Amino acid sequence: MKRSVPPADGSHARRDAPPPAPKQGQGVVRVLTDRNFGPYLVGNLASNCGSWFQNIAQALLLYRLTHSTMLVAVANFAQFAGVLILAPWAGRVADRFDRRKLLLVVQVASLVVALTLTLVAYAGGDDVPVIMGAALLLGLGTAFATPSMQALVPGLIRREDMPTAVAMNTVTFTLARSVGPVLGALVVANWGIPAAFAVNASSYVILILALLVVRPRSTGPRPATGRSTLRATWRSLRTDQTVVLLLAVVACVAISGDPVNTLTPALATQVFHLRDTTVGILIGAFGLGSVVAAFVRQPDDIRRLAALMTVMGAATIAVGLSVDLAMALVAFFVAGFGFLSTQTAATVRLQMRVSEAERGRAMALWSMAWLGTRPLASLVDGAIASMAGVRAAAAAMALPVLLGSVLVLAVFRRPTPSATIEPASLGQEERL
């Protein structure tokens, strides 16, 4: 149940009502071959894969230079701190300006940073301050790009294809998470860390070309004033219990997913006594689980959503308890499955629930929950690993998603006498 909130356009249709679902298979083909969404998807996939090349090379370089899990965590903090700090302004910018042009500017700036890091690495000038500085600058680009990238999707596709488009957009992250780390580790092992940085720089070029090709349709008027509409957005979303819960789910899942970024170098070398490039296989197993989840029906009721969050938490604990590489790969695969299933369900629902005028800022809140929590999670994860060991850190980082599953059940089972039950298409109190 939730309180009825009138849509921004003044109509009384449910703002979050999912559009008619196309037949399975037909919708995917139509989305993939769409003149606008197809190139965008290719560019986004390339960019996400490049980011994993960057992440793998960055983590391995720092670990080789310092042998410190904490400094790997600090680099992750630098990379995503901009999202946490700048998200409110990035969302306002995404709602005020042409999102496609804004993304082009951000991607060109990020390309310059990535190329500079590549040249410095080839020249042998790579050290901790250089890596941290590049991570921070690329993170600032991510802060402004993420709300615009997410909010651009509805303008590229027909409304009836939106659930499929949002899910396929999420698949680009999961495919990148599956393929990027493995290929990144192979590139590092065979051609060195500078080559992985070069691949990341090339990925920005592909996304820039895709953005030059697409032509988003107009999706309605933009806010005339930033400050007042930002307050209105906060008021609107704050009174919507389901929106707040969806953002909480995204944050819990993101925090509990941090071990795959922060702990894998230490797991590979200290726990399993293997080469550091084994990190690519570990992260790849997590990504493979996410890819499998992308082709499974996403949870649409609280029991399934809470169950999958519990599965992810249990698998994250199993990562810390793993006695060998095979057990860790299975645990990472299961964790990846739960990770993608819950994140996709929450993101699709959030996209469908907000109006176009609010979408940029709503997705800025999403980026704070999804990416902005990662720097804090990385610092906590790295600190626990330094003080109590990698296994204890993995177990501790499972707590947010396990507590989140309890929160989901508690919120939707709590009676709300003053709330108005939505008309029927969700059908039951426990449907999201």
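A few points about this structure:
- Qualifying position, being assigned to a helix (DSSP H, G or I), modelled with pLDDT under 80 and open to solvent by less than 50 Å² (accessible area, probe 1.4 Å), among VAL72, VAL31: VAL31
- In the range 316-329, of all residues being in a helix (DSSP H, G or I) and free of Cβ contacts under 8 Å to residues at least 24 places away in the same chain, the one that is most open to solvent (accessible area, probe 1.4 Å) corresponds to MET327.
- When restricted to residues that are open to solvent by 30 Å² or more (accessible area, probe 1.4 Å) and part of a helix (DSSP H, G or I), the range 89-101 contains 6.
- Residue among MET149, MET162 that is in contact with a Leu (Cβ under 7 Å, 6 or more places away or on another chain) and in a helix (DSSP H, G or I): MET149
- Considering each residue of the range 199-220 in turn, none proves to be in contact with a Lys or Arg (Cβ under 6 Å, 6 or more places away or on another chain), over 26 Å from VAL74 (Cα atoms) and modelled with pLDDT under 80.
- Apart from one condition, LEU288 fits all of (1) touching a helix residue (DSSP H, G or I) at 6+ places or on another chain (Cβ under 6 Å); (2) more than 25 Å from ALA388 (Cα to Cα); (3) open to solvent by less than 60 Å² (accessible area, probe 1.4 Å); the exception is (3).
- Considering the conditions (1) more than 24 Å from PRO39 (Cβ to Cβ); (2) in contact (Cβ under 8 Å) with a residue 40 or more places away in the chain, VAL106 is excluded by exactly one of them, (1).
- Enumerated helices (runs of 4 or more DSSP H) restricted to the range 345-408, each holding at least 2 residues that are over 19 Å from THR264 (Cβ atoms), open to solvent by less than 10 Å² (accessible area, probe 1.4 Å) and modelled with pLDDT under 85: 356-367
- Residue count for the range 141-172, restricted to those that are closer than 15 Å to GLN343 by Cβ, crowded, with 24+ Cβ neighbours inside 10 Å and in contact with a Gly (Cβ under 9 Å, 6 or more places away or on another chain): 1
- PRO147 being at pLDDT below 85 and farther than 20 Å from ARG374 by Cα: no
- Unmet requirement for GLY284, which otherwise passes all of (1) on the phi > 0 side of the Ramachandran plot; (2) in contact (Cβ under 8 Å) with a residue 24 or more places away in the chain: (1)
- Among residues of the range 180-217, those that are assigned to a loop (DSSP other than H, G, I, E, B) and open to solvent by less than 10 Å² (accessible area, probe 1.4 Å), counted: 1
- Among the residues making up the range 330-344, those that are surrounded by fewer than 24 Cβ atoms within 10 Å (Cβ to Cβ) and either more than 19 Å from ALA307 (Cβ to Cβ) or aliphatic (A, V, I, L, M) (or both) are VAL330, VAL334.
- Criterion: more than 23 Å from ALA410 (Cα to Cα) and among the polar types (S, T, N, Q) - qualifying residue of GLN351, GLN343: GLN351
- Of all the residues in the range 125-140, those that are open to solvent by 20 Å² or more (accessible area, probe 1.4 Å) and part of a helix (DSSP H, G or I) number 8.
Residue-by-condition table, conditions (1) surrounded by fewer than 17 Cβ atoms within 10 Å (Cβ to Cβ); (2) charged (D, E, K, R); (3) under 19 Å from LEU379 (Cα atoms); (4) touching a helix residue (DSSP H, G or I) at 6+ places or on another chain (Cβ under 6 Å):
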{"residue": "ARG35", "(1), (2), (3), (4)": "yes, yes, no, no"}
{"residue": "THR66", "(1), (2), (3), (4)": "yes, no, yes, no"}
{"residue": "VAL105", "(1), (2), (3), (4)": "yes, no, no, no"}
{"residue": "LEU111", "(1), (2), (3), (4)": "no, no, no, yes"}
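- Check on TYR122, modelled with pLDDT under 90, farther than 27 Å from LEU156 by Cβ and open to solvent by 50 Å² or more (accessible area, probe 1.4 Å): yes
- ALA21 surrounded by fewer than 18 Cβ atoms within 10 Å (Cβ to Cβ) and either at pLDDT 50 or above or not in a helix (DSSP H, G or I) (or both): yes
- Filter result for ARG177 (closer than 30 Å to ARG30 by Cα, at pLDDT below 90 and open to solvent by 50 Å² or more (accessible area, probe 1.4 Å)): no
- Search result, residues across the range 237-275 that are over 14 Å from the mean Cα position of the chain (by Cα), farther than 17 Å from ALA398 by Cβ and open to solvent by 30 Å² or more (accessible area, probe 1.4 Å): ARG238, THR239, GLN241, VAL244, THR269, GLN270, HIS273, LEU274, ARG275
The values are calculated or read from the model by the stated rules, or taken from the named source; none is laboratory data. Note that the structure is a prediction, hence the values are computed from the model and not measured. Positions of Cβ are backbone-derived with ideal geometry, glycine not excepted, and every protein chain shown enters the neighbour counts. SASA here: full protein model, heavy atoms, side chains in, ligands and nucleic acids out. Shrake-Rupley method; radii C 1.70, N 1.55, O 1.52, S 1.80 Å.
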